[in-house]
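Scroll down for the structure; my scribbles are underneath it.
The values are calculated or read from the model by the stated rules, or taken from the named source; none is laboratory data. Remember, predicted model here, so these are calculated numbers, not experimental data. When we count neighbours, we look across all protein chains shown, and the Cβ atoms used for this are built from the backbone with ideal geometry, even at glycine. What goes into the accessible areas is simple: the full protein's heavy atoms, side chains included, and nothing from ligands, DNA or RNA. Shrake-Rupley method; radii C 1.70, N 1.55, O 1.52, S 1.80 Å.
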Amino acid sequence: MARLRRRGRGRWRGVRWLSHYSSGQSILIVGDGDFSFSLALAAAFGTGRNIVATSLDSYEALSRKYSKAQSNVMELKKRRTTVLHGVDAETMKGHTNLKMRLFDRIVFNFPHAGFHGKECEMHVVRLHRELVKGFFVNARELLQPDGEIHISHKTGYPYDGWSIVQLASESSLAMIDIVSFQKQDYPGYSPKRGNGSKSNNTFPLGDCNTYKFVAKHNVAQGEHACHCYMCRDRYFSPYFDYASGLATLGVGHGGHLAYW
C-alpha cells in the first residue's frame, strides 16, 4: 500500500513556522468551520501544499452557514491547499482522499457534537466524548509513526468531563504535552458555532488548551511526559496513570514540583 514518505535531509531548509506547525510538516486539519484556521497556516507558510483542510459540511452548506467560507476556500486553493468537504472525523480513515496518506500533524480544534441540550447534561457530554473517541480511532490510522495528534479544547466545568486524555489512552495514544491555546497566534482564525441559525457567530474561547498526543509505542513503557511547574521543562516519568486520566504530583528537575 502506497503511503506518503518523509523528505530527506533537506526537509527543514527554508521551513516557515506558525506556533506548533511548519511548512515542513504534512498537516491534516479536521472540522475547520469556515477554514479560517487552515488559511492562517497557509498564509504564514506562503503555501498550503503541505495542508489538507477538511469540513464535515458540503461546500454548499458551508456557503450558507459562513460569510467567509467561499473566500477562504478560494484563498486556500490559490495557495495549493487540498480542500475536502464531507469528511467525518469518526470515519475519515476510510475517506478516498485520505486512506492512502499519513500525516505528521492531525489537528482538531474545539470538537463539538452539536447543540442537543445544556453542555453540562450527561447525554450531551456523552455525545461529545463519542465524537472525540471516534476521531482518535481514525486519526491514529492516518498518523506518521512519529507524528502528533492535536486537540484544542476548553478547560474547566463541564468540559473537563469529556476526559480527553482517557479517551486518547483507550485509542493507544499517549499525551506528551499540554499548552495554552491562544487564538491570536493564528491571525484571522475565527472559531464558529457551526450549528443552527447562529452558525456564523463566533464563541468565547475562555481558558483552553492544546493537547498533544503520540502513538504509545513512541513512549517507553512506564514513562510518561511530565512538566515542571517552574522551569516548564518536559521530561519522562512514571507518575501519570493514563487509564484513569489522573495526574500525580512528583518532583521534577531541580527539585521543582512537577505535574503530568
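Key figures for this structure:
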| item | result |
| --- | --- |
| Sequence-distant residues sharing a close amide H with L28 (under 5 Å, placed H) | V52, R105, I106, V107 |
| Cα gyration tensor shape for the stretch 156-226, rounded if a/c is under 1.5, else prolate or oblate | prolate |
| Accessible surface of the stretch 1-139, 1.4 Å probe, proportion on carbon and sulfur as whole % | 50 |
| Distance cut-off 19 Å, percentage of C-alpha pairs in the stretch 86-152 lying past it | 36 |
| Long-range amide H partners of I176 with built H, under 5 Å | K212, F213, V214 |
| Whole-number accessible area per residue in Å² for the stretch 120-192, which is evaluated in the context of all protein chains at 1.4 Å | 39 |
| Under-5 Å amide H pairs with T82, H placed in peptide plane, nonlocal only | I51, A53 |
| DSSP-assigned coil residues among chymotrypsin sites (Phe, Trp or Tyr not before Pro) in the stretch 49-146, each with at most 13 further Cβ atoms within 10 Å | F115 |
| Environment charge at N200 (Cβ cut-off 14 Å; Lys +1, Arg +1, Asp -1, Glu -1) | +4 |
| log₁₀ of I(q)/I(0) at q = 0.13, 0.14, 0.17, 0.20 Å⁻¹ - the stretch 16-146, Debye sum with one point per alpha carbon | -0.55, -0.63, -0.91, -1.18 |
